[in-house]
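For reference, the structure discussed in these notes is given below.
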Amino acid sequence: MLEVKITDMKAECEVFFIASVEEAKDKELLQEMNFKDALFVQASKALYIKIDSQEKDVLREAASKAIKAIKKLPYRSAKVHLCGGKEEVQAILMGLYCGDYAFEQYKTQKEEKVLREIYIDCQCEKIEDIVYECEIIASSVCFVRDLVNTAPNEATPEFLAEVAQKEAQRLKIECKIFDVEMMKKEKMHSLLAVARASSQEPRLIHLTYKPQNAKAKVVFVGKGLTYDSGGLSLKPSDYMVTMKADKSGGCAVIGIISAIAQLGLPLEVHGVIGAVENMIGGNAYKPDDILHSREGKSIEVRNTDAEGRLVLADCLSYAQDLNPDYLIDLATLTGACVVGLGEYTYAIMGFNEKLKDQFEKSAVQSGELVAQLPFNTHLKKLIDSKIADVCNVSSSRYGGAITAGLFLAEFVRKEYQHKWLHLDIAGPAYIEKEWDINPYGASGIGVRGCVEFAKFLSEEK
Ligand code: BES
Ligand code: ZN
Ligand code: ZN
């Protein structure tokens, strides 16, 4: 991670965010050079980045652009001239930290890192705390990006479990790992069916952060499909590529609990991750199979590519036994959600309007794009099964993100329905082009929003 120092020291170069060239000390030069978006003036060693407003979203993206530009220059330190109040400074810091990310694990030739220090000179109250908090959240975002970007031949369910265990040791929190035998005892036959054809055994990961002053109990549940080939309802080749990112929800849950623990928030937080690989083989589960879930409901399988909901059904069941005040699942659940909302926005679903609104507010505050998708009774009928309690796919081709959410709702007990939120992060979890403060590949989406929501819960009276 970059080091951000609060100092009035002079750095080797400077960054200015400007609304117009009039504001720049190199005004004439910029005019001459026809300044548009970004320009580095060698003589004064100043990088100018154009901003259209001082809105947080604009500043965050501008800061990300700035860090990428400075990294190409031969300077060890850069002074970033901030603008606005606390929230604007937070946005700029997040843009700097997250924009600095690069995934180079598999490159023999790594890019040389020259820039190491960012200086800020800020009059904001408690600026040290702001920097400290941003660094923790951004490092969790980048940790999740690394994990999701890790190739599926390396990032197996067992690998995810080991990473979770290591992170738990570092944070001094609890981590329990369930193997197949333990999951059989738990009657997680829905999850186990998805996992069966893979040579990589599944794992259920349960992380616990339990401070003494906990105000509420939050359980995060993550879809951790380390690879989704579609199973026997095999995906076409073009759709299979990038399915290493089907573990994004699960990885985000590790990052979220890590950030919350490092921030020391007064909440009891659990992370439950279903780490599974969906493959084909002679013993694969198949369309027409009937599965018996941990909750006791029977499921008719009509498509083995709708596997995430089968894994989550058992994870949600396990999660409710922890008696949460809030139950939030994160999953790259449906292509339909990407079709509906585009690649940059994730969906919030649930039965509790107030809870959805509160979460939406936190997510937006954190810089993530979200939209609520509404449940209704007509869509619910589409997952009725003639021979089992519920069917794993809808009988209609429309409304797929919501019918998937309604399938999950079947496994949320009545007393937890108003405590539950489902986040379909299929769109923004992994995109093969740079956007906002995100690089090519994994974004670490969900971390900023969920940590902001946890902060809201811990500040609530
Ligand atoms: N992992 C996919 C959803 C997905 C699609 C995530 C694109 C990210 C990008 C999920 O398991 C899946 O395959 N869903 C099916 C459901 C269908 C069979 C009802 C889908 O969306 O096509
Ligand atoms: Zn699938
Ligand atoms: Zn999937």
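The values are calculated or read from the model by the stated rules, or taken from the named source; none is laboratory data. Since the structure is predicted, the reported quantities are computational estimates derived from the model, not experimental observations. So basically every Cβ, Gly included, is an ideal-geometry build from the backbone, and we count neighbours across all protein chains shown. The area values use the complete protein model at the heavy-atom level, side chains included, leaving out ligands, DNA and RNA. Shrake-Rupley method; radii C 1.70, N 1.55, O 1.52, S 1.80 Å.
Some points to look at:
- Taking all protein chains together and rolling a 1.4 Å probe, Glu434 ends up with roughly 120 Å² accessible.
- In order along the stretch 221-230, the Karplus-derived 3J(HN,Hα) couplings, from 6.51 cos²θ - 1.76 cosθ + 1.60 at θ = phi - 60°, round to 10, x, 7, x, 6, 5, 7, 10, 7, x Hz, and Gly and Pro are given as x.
- Compared with the direct C-alpha span, the chain from Val114 to Ala38 gains 25.3 nm at full extension, assuming 0.36 nm per residue.
- Legend: calculated FRET efficiency, Asp129 to Ser298, from the Cβ-Cβ distance at R0 = 45 Å, rounded to 0.05, equals 0.30.
- Percentage of interatomic Cα-Cα distances in the chain larger than 29 Å: 48 percent
- The phi torsions of the stretch 396-408, fed into the Karplus equation with coefficients 6.51, -1.76 and 1.60 and a -60° offset, translate into couplings of 10, 7, 9, x, x, 5, 6, 5, 5, x, 5, 4, 4 Hz, rounded to whole numbers, with Gly and Pro shown as x.
- Across Lys71/Lys110; Lys354/Lys381; Lys187/Lys217; Lys172/Lys455, pairs whose alpha-carbon gap is larger than 18 Å: Lys354/Lys381; Lys187/Lys217; Lys172/Lys455
- Under the simplified labelling scheme, the Ser199-Glu415 pair shows an inter-label distance of 4.6 nm, with each label point 7 Å from Cα along Cα→Cβ.
- Between Thr377 and Thr242, full extension at 0.36 nm per residue minus the direct alpha carbon distance yields a gain of 45.2 nm.
- Label positions at Val339 and Glu460, each projected 7 Å from the Cα along the C-beta direction, are separated by 3.5 nm.
- Calculated P(r) tail over 13 Å for the stretch 232-276, as whole % of Cα pairs: 64 percent
- Surface analysis of the stretch 3-125 yields an accessible area of 55 Å² per residue, using protein heavy atoms and a 1.4 Å probe.
- Shape summary: the stretch 3-125 maps onto an equivalent ellipsoid whose semi-axes, from the alpha-carbon gyration tensor, are 22, 18, 15 Å in decreasing order.
- Fully extended contour minus Cα-Cα distance, from Glu3 to Lys235, at 0.36 nm per residue: 79.2 nm
- For the chain, the antiparallel share of DSSP beta bridges with both residues in that region comes to about 40%.
- Solvent-accessible area assigned to carbon and sulfur over the chain amounts to 49 percent, based on a 1.4 Å probe.
- With both labels modelled 7 Å from their Cα along Cα-to-Cβ, the Lys433 to Gln169 distance reads 4.3 nm.
- Residue list for the stretch 209-234, given a label point 7 angstrom along the Cα-to-Cβ vector of Asn323 and an amide N cut-off under 14 Å: 216-218
- Paramagnetic label reach from Glu104 (point 7 Å along Cα→Cβ; backbone nitrogen cut-off under 19 Å): within the stretch 413-456, residues 434, 438-442.
- The C-alpha atoms of the stretch 333-454 occupy a region whose extents along the principal axes are 47, 31, 17 Å, arranged from largest to smallest.
- Assigned charges on the beta-carbon of Lys, Arg, Asp, Glu; the chain dipole about Cα centre (debye): 700 debye
- Eigen-decomposition of the gyration tensor built on the alpha-carbon atoms of the stretch 137-183 gives equivalent ellipsoid semi-axes of 20, 17, 7 angstrom, largest listed first.
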